[in-house]
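K.L.:
Here it is, the structure in full.
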Amino acid sequence: MRDNRPMQSPDTNARALELARALVRFNTVSENSNLALIHFIRDELAKLGVASRLTYNADKTKANLFATLGEGKPAGVILSGHTDTVPWDGQDWSVDPLSATVKDGRLYGRGSADMKSFIATALAHAPLFLDSKAPFAFHFAFSYDEEVGCFGVRELIADMRDAGIRPLACIIGEPTSMIPAIAHKGVYRYRCCVRGKEAHSSLTPQSVNAIEMAARVVGKLRDMAEGFERDEPRYEGFDVPFSTSSVGQFHGGIADNVVPRDAEFRYEFRDLPTADAGAMQAEIVAFARSLEPKMQRVAPESGFSFDTICEIPSFLGAEDDAVTRLAKRLAGETRVTQVAFGTEAGLFKGAGIPTVVCGPGSIVQAHQPDEYVSLEQLARCAAFMRGLAVVDELA
């Protein structure tokens, strides 16, 4: 890869900040529609003569946006980001989360770091991408519902495949402090519902205690977690260099003197890129099934059911991937990193697209009160985009 990085342009930095503030002001918490923001981006691109492809959720209250800058070129590099944010209920903010306040060298607001600043910076450089002499196109891929399970991007990738679009590479602008990240764990979340049989608590042999049965599976999850920590080969570079499992919610029972008929709990696995989350879940289901015969001798209708909340695959790139080498050069970095949080990278990689994660801001600020991205990070991202616009080779 070679690049001929242009001199810094204050105009693109200013435009990136202007657009970042505009995007932060849209309330795109995952429970809300993101259409106003998507239409804003669509309209900005339309001013440049760029058409956008929108793919929707089932009730058409949310959409992904995919756009190609450089139509006619044989393939392209994706710049990818999610448009939804987490809520701020109960958090102690010193500014309005939607105010897009700029002070002390920082842009404050929900989504400023995660990850509207990257989307805005890409959009600010659309004119440069259109004028680029690069032998490949540039694709914008902006998704919905990443924060709640990476749901939207699956539709976006399917639409891209159906349209015959085969990108060369993907750069996902999650907040990595502009250090290219080549790995993260997967996030697999499930709900387990237990049906037992209620009875007066003085007659427990005539009942199936749903909480107690659920607790046995919770205990199995804890045993597995201890096994990962004790036995799993370490993957150095992660804050926790082994897979984990944990229970996040537990509900059940209606009174102290009623054996509970129903219980429900939610749990997750965060698997290393070298581990198998499917096998982990299969082990839990098999253990639950092993408890059912004894339960059903008392109450044939009793048992366990499982629902998938989300399955976000782990990601494992490589430092010598062409897209990683490009990201390092454009970011001015000599190193790569691994991140603890999940992204859409595993889905793009699973679709056969070499992928790297690299974007402005830090995950330490994301999801927090007074979330912010520094203007220095925005400037670094802008320089990255300007350099990308003049790359003459991806090899």
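The values are calculated or read from the model by the stated rules, or taken from the named source; none is laboratory data. Computed from a predicted model, the values in this text were never measured in an experiment. Methodologically, a virtual Cβ is constructed for each residue, glycine included, from the backbone with ideal geometry; neighbour enumeration extends over all protein chains shown. Ligands, DNA and RNA are stripped out before the accessible areas are found, and what is left, the full protein with its side chains, is counted by its heavy atoms. Shrake-Rupley method; radii C 1.70, N 1.55, O 1.52, S 1.80 Å.
K.L.:
Filter segment 179-209 down to residues that are outside any strand (DSSP E or B) and either out of contact with any Pro (no Cβ under 6 Å at 6 or more places or on another chain) or polar (S, T, N, Q) (or both), then give me how many there are.
P.N.:
Of the residues in segment 179-209, 13 are outside any strand (DSSP E or B) and either out of contact with any Pro (no Cβ under 6 Å at 6 or more places or on another chain) or polar (S, T, N, Q) (or both).
K.L.:
Taking the criterion of being open to solvent by less than 60 Å² (accessible area, probe 1.4 Å), over 22 Å from residue 170 (Cα atoms), touching a residue at least 12 places away in the same chain (Cβ under 8 Å) and acidic (Asp, Glu), would at least one residue in segment 369-384 satisfy it?
P.N.:
Checking segment 369-384: at least one residue is open to solvent by less than 60 Å² (accessible area, probe 1.4 Å), over 22 Å from residue 170 (Cα atoms), touching a residue at least 12 places away in the same chain (Cβ under 8 Å) and acidic (Asp, Glu).
K.L.:
Residues being touching a residue at least 60 places away in the same chain (Cβ under 8 Å) and open to solvent by less than 40 Å² (accessible area, probe 1.4 Å): count how many of those fall in segment 276-302.
P.N.:
Residues meeting the conditions: 9.
K.L.:
With a cut-off of at least 2 residues that are touching a residue at least 60 places away in the same chain (Cβ under 8 Å) and small (Gly, Ala, Ser), name the strands (runs of 3 or more DSSP E) lying wholly within segment 303-368. If you could, list the steps in order and put the result at the bottom.
P.N.:
Working: elements: 303-312, 337-339, 355-357.
So the answer is 303-312.
K.L.:
Quickly run through segment 239-266 and pick out the residues that are under 34 Å from the mean Cα position of the chain (by Cα), in a loop (DSSP other than H, G, I, E, B) and β-branched (Val, Ile, Thr).
P.N.:
The initial filter retains those residues of segment 239-266 that are under 34 Å from the mean Cα position of the chain (by Cα), namely 239-252, 262-266.
Retained after the next criterion (residues that are in a loop (DSSP other than H, G, I, E, B)): 239-243.
Scanning segment 239-266 gives a single hit, 240.
K.L.:
Filter segment 49-63 for residues that are open to solvent by 60 Å² or more (accessible area, probe 1.4 Å) and either closer than 14 Å to residue 140 by Cα or in a helix (DSSP H, G or I) (or both) and give the result. Give the derivation first.
P.N.:
Here is the first cut: in segment 49-63, the residues open to solvent by 60 Å² or more (accessible area, probe 1.4 Å) are 49, 51, 53, 56, 58-60.
If the condition is that a residue be open to solvent by 60 Å² or more (accessible area, probe 1.4 Å) and either closer than 14 Å to residue 140 by Cα or in a helix (DSSP H, G or I) (or both), then 51, 53 are the ones that fit.
K.L.:
Here is a follow-up. Is one or more of the residues making up segment 136-159 modelled with pLDDT under 95 and over 26 Å from the mean Cα position of the chain (by Cα)?
P.N.:
Checking segment 136-159: at least one residue is modelled with pLDDT under 95 and over 26 Å from the mean Cα position of the chain (by Cα).
K.L.:
Quick one: which residue in 110, 42 is closer than 30 Å to residue 135 by Cα, surrounded by 17 or more Cβ atoms within 10 Å (Cβ to Cβ), modelled with pLDDT of 95 or more and touching a Ser or Thr at 6+ places or on another chain (Cβ under 6 Å)? Please lay out each step first, then the result.
P.N.:
Details: 110 fails: closer than 30 Å to residue 135 by Cα.
The conditions single out 42.
K.L.:
Mind telling me which of the residues 142, 129 ends up being part of a strand (DSSP E or B) and crowded, with 24+ Cβ neighbours inside 10 Å?
P.N.:
142
K.L.:
All but one of (1) open to solvent by 10 Å² or more (accessible area, probe 1.4 Å); (2) in contact (Cβ under 8 Å) with a residue 24 or more places away in the chain hold for residue 90; which doesn't?
P.N.:
Checking residue 90 against (1) open to solvent by 10 Å² or more (accessible area, probe 1.4 Å); (2) in contact (Cβ under 8 Å) with a residue 24 or more places away in the chain, the one that fails is (2).
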